[in-house]
1. Can you give the helix-only mean residue ellipticity at 222 nm for chain B, where every DSSP H stretch with n ≥ 4 adds -39500 (n - 2.57) and the sum goes over all residues, rounded to the nearest 500 deg cm²/dmol?
2. If you filter the range B:6-69 for trypsin sites (Lys or Arg not before Pro), then keep DSSP loop positions with at most 13 other Cβ within 10 Å, what is left?
3. Can you work out the PRE-style zone for residue B:336? Point 7 Å along Cα to Cβ, and I want the residues of the range A:72-99 with backbone N under 12 Å.
4. Taking every DSSP beta bridge that has both residues in the protein assembly as shown, what percent is antiparallel when rounded to the nearest 5?
5. For residue B:247, go through the aspartates and glutamates and keep the ones whose alpha-carbon is under 12 Å away, minus same-chain ones fewer than eight residues off.
6. In nm, to one decimal, how far is the residue B:220 label point from the residue B:189 one, both placed 7 Å along Cα→Cβ?
7. Once you compute Rg and the Kirkwood Rh from C-alpha atoms, what is the Rg to Rh ratio for chain B?
8. Would you mind computing, in nm to one decimal, how far apart the modelled labels at residue A:188 and residue B:206 are, each placed 7 Å from Cα along Cα→Cβ?
Amino acid sequence: MKEILLSVKNVSYRYNDAEEDEYALRDVSFEFEKGKLYAIKGRSGSGKTTLLSLISGLERCSEGEIIFDNKSLKDINLDKYRSNDIGIVFQSYNLLPFMSASENIILSMDINGNKDKNKKEQAIKLMEKVGLKSSYANRRVLRLSGGEQQRVAIARSLSYNPKMIIADEPTGNLDKKTETEILEIFKKLAHEEDKCVIIVTHSENVCKMVDKVYDLDKKK
Amino acid sequence: MYILKNAWISIVRNKGRNILIGIIILIIASCATVTLAIKNTANDLIDSYVSAYDKEVTIGFDRSNMMKDLNMGDPTGREEVKERFNNIVNLSLDDVKKYADSDYISKYYYTYSIGLNGQSIEKAEVETNNFGRKDKVNTQTDFTLTGYSNIDAMSEFIEGTYVIEDITDNAWDIAFDGDYVFINSELASFNKLSLNDTITLVSEDSKTYEFKIIGIFKENEDSSEPNMSMFSNSVNTIVTNATSLVKITDANTNIKGDIHPTFIINDYNDVDKLQTEFYEKGLDENYILETNEEIANAGVSSVKNVNSFATTFLIITLIIGGVVLFVINMINIRERKYEIGVLRTIGVSKFKLTMQFVSELLIVALLSLLIGMGIGTLSSKGVSNSLLASEISNSQNKNDEINKNFGRGDHGNLGKGRGFAVVEAYDSIDAVVDMKVLVELLGVGLSLVLISSIASITSIQRFSPLTILKERS
């Protein structure tokens, strides 16, 4: 039985300084189920990143609404939403460079309100889950490769066990082999851990590996 | 809790910048401790010195009001001034009693003066070639009798201008009720008078009045106004009580009495209200109320100067320190924009992020404030005393210079009116860092931290995490 986790209903977005009919995103409606891996594709300027910002609560819709777990994003605390319910993975990783890999993950647990004493062990387990050696735990993230940093970013996004992972071009800076490995991780998270994973991409290779593709070019 | 943890991590990570901030706050805290200690101690000294003085109000002529709209260069103008002076109604004892009945006045006293000529004694004066003039040539009567209403009114004795040289045993028991007088020792010598002798004075209309001498005083050379006579200024002044003199003028309307009341008030700030009340009670508007506030403050002028220097220094230090801290914070925020973006993206609220940045500054500020307080406490006594010593020395040099200009040498004195000759009441401040200073310093420090944190607070509220991360990408 399909269980909708996120609905994007007739969403439009216009920048504050844009002309009246100049939309970055216009009348978009998508549905996302638990346990499935999605791709949102489109050319540059098609509004992919804008949609991701709206879904992750970093921006608010100009029109329409987004429903997460039967609640409109308009009615919930978006800081809590980002620190509890969804995990965000960026193309440029967005890790704090002055912290080690495990510190980045533990910080995310702290923000979530995790009071466990063994957070470091939990962080190391998460690192191992995304294919990183435990010996990397104390390594500054800047001393890790792009693929390794992206794995840390994924581990960070999983640190509070969110229902949904949103990834913005997560493999954009990575080689083919690493791209495939990272996509495998996302696939596992969707299919084995019942998470809803949404990947924003323009890569055809990514689109081939997901359960469903939404094409923003057709919506424009 | 993670906010404090993050704050501490950031402090350690940005050691250089935080040490710089710490040093700036340390300097501000040390200066603020010293200046606040000086200010508080100086204020206490000033309060205690000024409170030792009665807050006196006297009635004087309002010369500027009397000269208003008149041209003194013009004979008509001069005539008009003369007429205005003549038209002013002299104060009577009844007036003084009426004015004294006020909520602003705690007590009052007065001196009552009349002029009489000598009959059994001679006025002390000597023909000299000194500038071709006789002593006291302008005096209309031989003697001025000054009657005091009570012992509080005897300001010349209280201030030490007159000093008792000899006195009868019961003098102070009878001094304020009867025809008894104190005379100047020079007048006593001039007329070969001694205690318990009786003198006879005579009015212009030939009525005679007898007084018994119960005391002999002399004028203190140190505190008297300088003159060019061989006698002291008060040689022909006869001191008595106001009651006797009022009786004389009541009985003989040809003798005009001159009354000088002194009202003691609780607060100098009430003077304007008191003056309005006096006018409402009928005081001529050509009179004005004058206070002894300036004289009361004169003994602590150097302490006041040090106090005002300390205040100015404190304000400048706080402004410069605040601006520098603000700028450092702005740079800090610009450098940490990316960190703000990441933290906002992963769910840290604006409030918590603001708390983290303010906590970082607070931790550094508190450590620096503590050390600064210690340095300030150790140095406040030395700094305050050295400032006061330098201020007294400047004031003394000015005084010496003016005295030299008048040919009075290095140790001469120009008297109260000159302003520089008043001996300083304190030669040390010994500024103390007490609980009040510590609380004030903490208040100043925290305010400074909050004001300089405005940069962080506004930036955090304004920054869009997505924009920051896009810029970074």
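1. After summing the helix terms and dividing by residue count, I get -17500 deg cm²/dmol.
2. The qualifying sites are B:68.
3. Correct set: none at all.
4. Antiparallel bridges make up about 65 percent of those DSSP assigns within the protein assembly as shown.
5. B:177, B:179
6. 2.0
7. 1.20
8. 13.8
The values are calculated or read from the model by the stated rules, or taken from the named source; none is laboratory data. Because the structure is a prediction, the values reported are computed rather than measured. So basically every Cβ, Gly included, is an ideal-geometry build from the backbone, and we count neighbours across all protein chains shown. With ligands, DNA and RNA removed, areas are computed over all heavy atoms of the protein, side chains included. Shrake-Rupley method; radii C 1.70, N 1.55, O 1.52, S 1.80 Å.
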